[in-house]
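Trainee: Starting off with a structure, shown below.
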Amino acid sequence: YGLFEYSATDNYTLQINPNSGVCNEDHLSYFKFIGRVAGMAVFHGKLLDGFFIRPFYKMMLGKQIELKDMESVDTEYYNSLLWIKENDPAELELPFQIDEESFGQTVSIELRPGGKEIKVTDENKDEYIQRVIEWRFINRVKKQMDQFLSGFNELVPLNLLKIFDEGELELLMCGIGSIDVKDWKKHTTYKGDYHPNHIVIQWFWRVVLSFNNEMRSRLLQFVTGTSRVPMNGFKELYGSNGPQLFTIEKWGSPTSYPRAHTCFNRLDLPPYESYQQLGDKLVKAIEGSEGFAGVD
């Protein structure tokens, strides 16, 4: 019905189609109905057969969407905004305006009143980045999301979800699959000095084997942006440039926490000095990734 589309980087996480009204004139009624179905599933402890992008769950929780949330959804946008964040964009002479392609036509949208006359500078670039993010994930689909949330709220009051973070909400709605660690390990690549027989890598897989399915799912979320494993296993994981296997790269020092690059399905794993240290650092990074800036 044209209500959802796949994210820009894979074919197994869904986002709202901003052009759903063109595909289906009754689209808002459908979104409210889907919200009711999702709410009823949560109320009765049933699972949805579909996974959404991370910003979708954040919108359900009323949380602010940040730049790092874009990495696993639209890498091209992410890299452009990251460059602006880390450099002085004055030379680009960018206006507070977005050009959007829609059915072969380019439409210019001001990100703030008079935006086409306002240039992005080093002083206002943070505002520009946040407004682009809000346009990309919120403003374009606000009517659809409002209807979805209205339907969901009829079955499950949205304030009851506040006890969850976006990762936990995904697991609540979509479930915890049985993750085959043997298949995961088989389809993992290594960079830096790491290889399958490196002691740190052996400790890593021992830790993963010690995890229950929920913690394995949280680890997968941390590194790839979703807890879903593709239908045919880890060999079909997708990254920003197409098929991209789960990757572990040597990085940092034993005092550092692991960090993730979701657009590359890559875990930067420091050379820890013991199995216990690796396990403790990995769990803390997974459970507190925002606090440790663990996702880039």
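Trainee: Consider Ile84 against the criteria (1) touching an Asp or Glu at 6+ places or on another chain (Cβ under 7 Å); (2) within 28 Å of Gln244 (Cα to Cα): it satisfies all of them except one. Which criterion is unmet?
Mentor: Of everything listed in (1) touching an Asp or Glu at 6+ places or on another chain (Cβ under 7 Å); (2) within 28 Å of Gln244 (Cα to Cα), Ile84 misses just condition (1).
Trainee: Within the stretch 232-240, is there a residue that is touching a strand residue (DSSP E or B) at 6+ places or on another chain (Cβ under 9 Å), among the aliphatic types (A, V, I, L, M), open to solvent by 10 Å² or more (accessible area, probe 1.4 Å) and in a loop (DSSP other than H, G, I, E, B)?
Mentor: no
Trainee: On to the next question. Output the helices (runs of 4 or more DSSP H) that fall wholly within the stretch 74-175 and possess 2 or more residues being surrounded by fewer than 16 Cβ atoms within 10 Å (Cβ to Cβ), or say none.
Mentor: 75-86, 125-137, 142-155
Trainee: Quickly run through the stretch 257-286 and pick out the residues that are among the hydrophobic types (A, V, I, L, M, F, W, C) and assigned to a strand (DSSP E or B). I'd like the intermediate steps shown before the answer.
Mentor: Taking the stretch 257-286 as the starting set, the residues that turn out to be among the hydrophobic types (A, V, I, L, M, F, W, C) are 260, 263-264, 267, 269, 278, 282-283, 285-286.
The answer is Ala260, Leu267, Leu269.
Trainee: Moving on to the next point. Going by the structure shown, is Glu273 surrounded by fewer than 16 Cβ atoms within 10 Å (Cβ to Cβ) and acidic (Asp, Glu)? Walk me through it before giving the result.
Mentor: Working: surrounded by fewer than 16 Cβ atoms within 10 Å (Cβ to Cβ): yes; acidic (Asp, Glu): yes.
Criteria met by Glu273.
Trainee: Can you say whether Thr226 is hydroxyl-bearing (Ser, Thr, Tyr), assigned to a loop (DSSP other than H, G, I, E, B) and free of Cβ contacts under 8 Å to residues at least 24 places away in the same chain, as far as the supplied structure shows? Give the derivation first.
Mentor: Values: hydroxyl-bearing (Ser, Thr, Tyr): yes; assigned to a loop (DSSP other than H, G, I, E, B): yes; free of Cβ contacts under 8 Å to residues at least 24 places away in the same chain: no.
The answer is no for Thr226.
Trainee: Within the stretch 88-103, can you find the residues that are of a type outside the set (Asp, Glu) and under 27 Å from the mean Cα position of the chain (by Cα)? If you could, list the steps in order and put the result at the bottom.
Mentor: Step one: of the stretch 88-103, the residues of a type outside the set (Asp, Glu) are 89-90, 92, 94-98, 102-103.
Within the stretch 88-103, Pro89, Leu94, Phe96, Gln97, Ile98, Ser102, Phe103 meet the criteria.
The values are calculated or read from the model by the stated rules, or taken from the named source; none is laboratory data. Keep in mind that this is a model prediction, so the values were computed, not measured. Quick reminder, even Gly has a Cβ in these numbers, built from the backbone with ideal geometry, and neighbours come from all protein chains shown. Surface areas here come from the heavy atoms of the whole protein model, side chains and all, with no ligands, DNA or RNA. Shrake-Rupley method; radii C 1.70, N 1.55, O 1.52, S 1.80 Å.
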